[in-house]
Amino acid sequence: MSTDPMVGEEARNGGVTMLPAVEDKYGGVMTEMTRPMDPSAFSALLRSSLSNWTLQGKKGVWIKLPRQLIGLAETAVKEGFWFHHAEKNYLMLVYWIPKQDHTLPSNASHRVGIAAFVLNHKKEVLVVQEKTGRFKGQGIWKFPTGVVNEGEYIHDGSVREVKEETGVDTEFVQVLAFRQTHKAFFEKSDLFFVCMMKPLSLEINAQESEIEAAQWMPWEEYNKQPFVQNHELLRYMTDICSAKTNGDYEGFTPLPVSAPDLQGNLYFNNRDLSSRQ
């Protein structure tokens, strides 16, 4: 009899020891390792489990390894598993049983960023110069930008980023436009949302770690920067922001909505939809 501490917790199916697992919604199973295990015993258990899951008609097999058990990853790979994704506390591996090509979802493919267009009552725009990154030391004034955190909505992320970089409190108004690019941060795709914000305060307190300077700049002065005029994306952004300010353009506002399993926000053109009712 094995003395391995994991064995006593394995599920048993017809007298065959298997890894404990729960079924997912797509005909597969998920198992989460919680205790240390000898690699050779783990290998034998994997093979036994895969044989039984194959007989049961299962498809995808997911193994979640906490970082303290990361040594078992090599064994799983040798049995045909591959890395799906990793977070700071675990590694997720996956295996596809059927002979045909797998239909498993890929790892998260996009990063979500924002640029904040904040215009005050004097038609001055909130701009920053960055202390780090590609624009460091170039004297370029740009919109506050940042990345939306995991579990954070776009409109909440834009408010947070403006506050962190400049100290200015804002209220989200609309998403005015968004851009998609590929092969960006760590080869992931990138979604970049241009958000219009209403300032709720005017005093600036620039973030020391990332921001070299921040100020309210006349909108026309911002537009005349060679950096803005020489880049197609920024020219379109300023045209869109100007049109919105003049009432000639409508962006997208968030509406909390529920789906079968999730709660989220639908961003849509509220003005044009309301005009049809």
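Values in this text are rule-based calculations from the coordinates and carry no lab data. Here the structure is a predicted model, which means the values were calculated and not measured. When we count neighbours, we look across all protein chains shown, and the Cβ atoms used for this are built from the backbone with ideal geometry, even at glycine.
Yes or no: P66 in contact with a Phe, Trp or Tyr (Cβ under 6 Å, 6 or more places away or on another chain) and exposed (fewer than 15 other Cβ atoms within 10 Å of the Cβ)?
When the stated conditions are applied, P66 passes them.
Name the residues in the range 247-277 that are free of Cβ contacts under 8 Å to residues at least 40 places away in the same chain, closer than 19 Å to F178 by Cβ and among the polar types (S, T, N, Q), would you?
Those that are free of Cβ contacts under 8 Å to residues at least 40 places away in the same chain, closer than 19 Å to F178 by Cβ and among the polar types (S, T, N, Q): N269, N270.
Condition first: closer than 16 Å to K123 by Cβ and among the acidic types (D, E). Now tell me which residues in the range 240-277 satisfy that.
Hit for the range 240-277 is D248, nothing else.
Determine whether E187 is among the acidic types (D, E) and more than 17 Å from the chain's Cα centre (by Cα).
Spelling it out, it is not the case that E187 is among the acidic types (D, E) and more than 17 Å from the chain's Cα centre (by Cα).
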